[in-house]
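Okay, structure first, notes after.
The values are calculated or read from the model by the stated rules, or taken from the named source; none is laboratory data. Small disclaimer: the values here were computed from a predicted structure and weren't measured. Using ideal geometry, Cβ is built from the backbone for each residue, glycine included, and neighbour counts are taken over all protein chains shown. Just the protein is used for accessible areas: all its heavy atoms, side chains included, with ligands, DNA and RNA removed. Shrake-Rupley method; radii C 1.70, N 1.55, O 1.52, S 1.80 Å.
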Amino acid sequence: MPDSYGREYYIDSEAQAVTLKRLRRLSRILDQVVTIPGTPIHIGIDPIVGLVFGAGDFVGFVLSSYIILEAARMGVPKATLGRMFWNIAIDGLVGIVPVMGDLFDFAWTANEYNIKLLEAHLQLPQSRKL
């Protein structure tokens, strides 16, 4: 299945292709769904929800964790899953710092990074155990 850049991916089944498409959509919603008019800057609902004191960062963490859960179901190696978890852990930990955390949340697109890690795994069928 080719992505928007024309790269081919190794997908075990149609279900995995549907899952990858759903995860890409979720990542876009969380990290870059809205373009700030007149700028090339995109923001998602993750940094916006993160502005809600206390619960906002937790909700963002839970939504981001879903991507990792689905990646695990798709057979992503534990080392890659660890990197994916680390991306959202950084997002959550820095996000709890008032003001600085909110600004960081706009720049750190953990979900986009995690989708790239998932796509990198799917591009390398020779490294997968059959």
With the structure loaded, tell me whether Thr80 is hydroxyl-bearing (Ser, Thr, Tyr), outside any helix (DSSP H, G or I) and on the phi < 0 side of the Ramachandran plot or whether it fails that test. no
So which pairs qualify, if the first residue must be in segment 90-116 and of a type in the set (Gly, Ala, Ser), the second must be surrounded by 14 or more Cβ atoms within 10 Å (Cβ to Cβ) and not in a helix (DSSP H, G or I), the Cβ gap must be under 7 Å, and the two must be at least 6 apart or on different chains? Gly95/Gly50
Are any of the residues in segment 18-38 open to solvent by less than 30 Å² (accessible area, probe 1.4 Å) and in contact with a His (Cβ under 8 Å, 6 or more places away or on another chain)? yes
Residue ID - modelled with the lowest pLDDT, chosen from residues in segment 16-35 that are under 15 Å from Ile67 (Cα atoms) and among the hydrophobic types (A, V, I, L, M, F, W, C): Ala17
Residue that is modelled with the lowest pLDDT, among those in segment 83-102 that are of a type outside the set (A, V, I, L, M) and open to solvent by 40 Å² or more (accessible area, probe 1.4 Å): Pro98
Is at least one residue of segment 65-74 assigned to a helix (DSSP H, G or I) and more than 16 Å from the chain's Cα centre (by Cα)? no
